[in-house]
Amino acid sequence: MTADWLTTLGTAMGSAWLSGINLYATVVTLGVLQRFELVKLPGGLNMLGEWWVIGLAGGLYLIEFVADKIPAVDSAWDAIHTFIRVPAGAILAATAFAEFDPAVKAVAMIVGGGIALGSHGTKAATRLAANTSPEPVSNIALSVGEDIVAFGSTVLMAFFPVLILIVVAIFLILLIWLGPKAYRALKRLLARFRELFGSASSSVT
């Protein structure tokens with residue numbers, strides 16, 4: 001029972017964390033693994049193995065793969081996906097606990113949403129900083145790196161959910177430690193954006 005609980009917890013929190021990094025890559029990978037019976041996902045996550053879910057997530061992943069490489073589009077995409085990745089992470093976490101008590105599912109949804117928000121916020125802030133650079137290499141490298149992390153970590157989570165739970169715990173510790181510093185850096189970055197846009201508009205007039 002303890003092993004089942006840890007497996008479910010690792011899959012739930014790992015899915016939420018990865019949703020904030022690349023939701024569609026996570027869903028496609030889990031769906032394919034479930035579809036071909038390479039793993040048995042806990043709770044109601046077996047629905048990810050439906051072909052229409054895999055196909056929809058795969059199509060959206062391809063769109064994101066292109067959008068991620070264009071700085072202005074990438075920033076807008078991340079802003080919009082604040083309202084997609086975070087709720088999706090919460091839903092995936094709760095769905096993993098579908099066979100548990102409703103109170104447990106509710107807690108999983110809240111915690112999963114918080115973890116998804118943390119990973120999405122970290123990703124978005126990092127990409128926003130990279131998007132200010134005039135050269136395209138850093139943005140493309142980050143995009144490809146995120147894809148590798150998403151696919152690789154999802155496979156790792158599917159087979160070793162307890163290990164990914166440790167990774168998520170380390171991420172949360174680092175987030176708590178570095179969060180205030182990152183927030184101040186993001187504020188400075190946004191202030192620079194306002195200055196740049198302000199000077200550009202004044203020069204036009």
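Just a few scattered comments:
- Of the residues making up the range 137-147, those that are more than 21 Å from Leu92 (Cα to Cα), surrounded by 14 or more Cβ atoms within 10 Å (Cβ to Cβ) and not aliphatic (A, V, I, L, M) number 3.
- Residue match in the range 70-86 (condition: in a helix (DSSP H, G or I) and over 30 Å from Ala130 (Cα atoms)): no
- The range 148-162, residues that are surrounded by fewer than 18 Cβ atoms within 10 Å (Cβ to Cβ) and assigned to a helix (DSSP H, G or I): Ile148, Val149, Phe151, Gly152, Val155, Leu156, Phe159, Val162
- Of the numbered criteria (1) surrounded by 15 or more Cβ atoms within 10 Å (Cβ to Cβ); (2) of a type in the set (A, V, I, L, M, F, W, C); (3) under 15 Å from the mean Cα position of the chain (by Cα); (4) within 16 Å of Pro71 (Cβ to Cβ), the one Leu128 fails is (3).
- Checked against (1) closer than 27 Å to Thr122 by Cα; (2) surrounded by fewer than 16 Cβ atoms within 10 Å (Cβ to Cβ); (3) at pLDDT 95 or above; (4) of a type outside the set (S, T, N, Q), Trp51 passes all but condition (1).
- Per-region count, the range 39-69, residues of a type in the set (Val, Ile, Thr) and in contact with a helix residue (DSSP H, G or I) (Cβ under 7 Å, 6 or more places away or on another chain): 3
- Candidates are the residues of the range 1-48 that are farther than 20 Å from Arg85 by Cβ and in contact (Cβ under 8 Å) with a residue 60 or more places away in the chain; the one that is surrounded by the fewest Cβ atoms within 10 Å (Cβ to Cβ) is Leu38.
- Hey, Thr82 touching a residue at least 12 places away in the same chain (Cβ under 8 Å), surrounded by fewer than 16 Cβ atoms within 10 Å (Cβ to Cβ) and either of a type in the set (S, T, N, Q) or on the phi > 0 side of the Ramachandran plot (or both) or not: yes
The values are calculated or read from the model by the stated rules, or taken from the named source; none is laboratory data. As the structure is a computational prediction, the values presented were derived from the model and not from experiment. Heads up, the Cβs are rebuilt from the backbone with ideal geometry, glycines too, and the neighbour counts pull from every protein chain shown.
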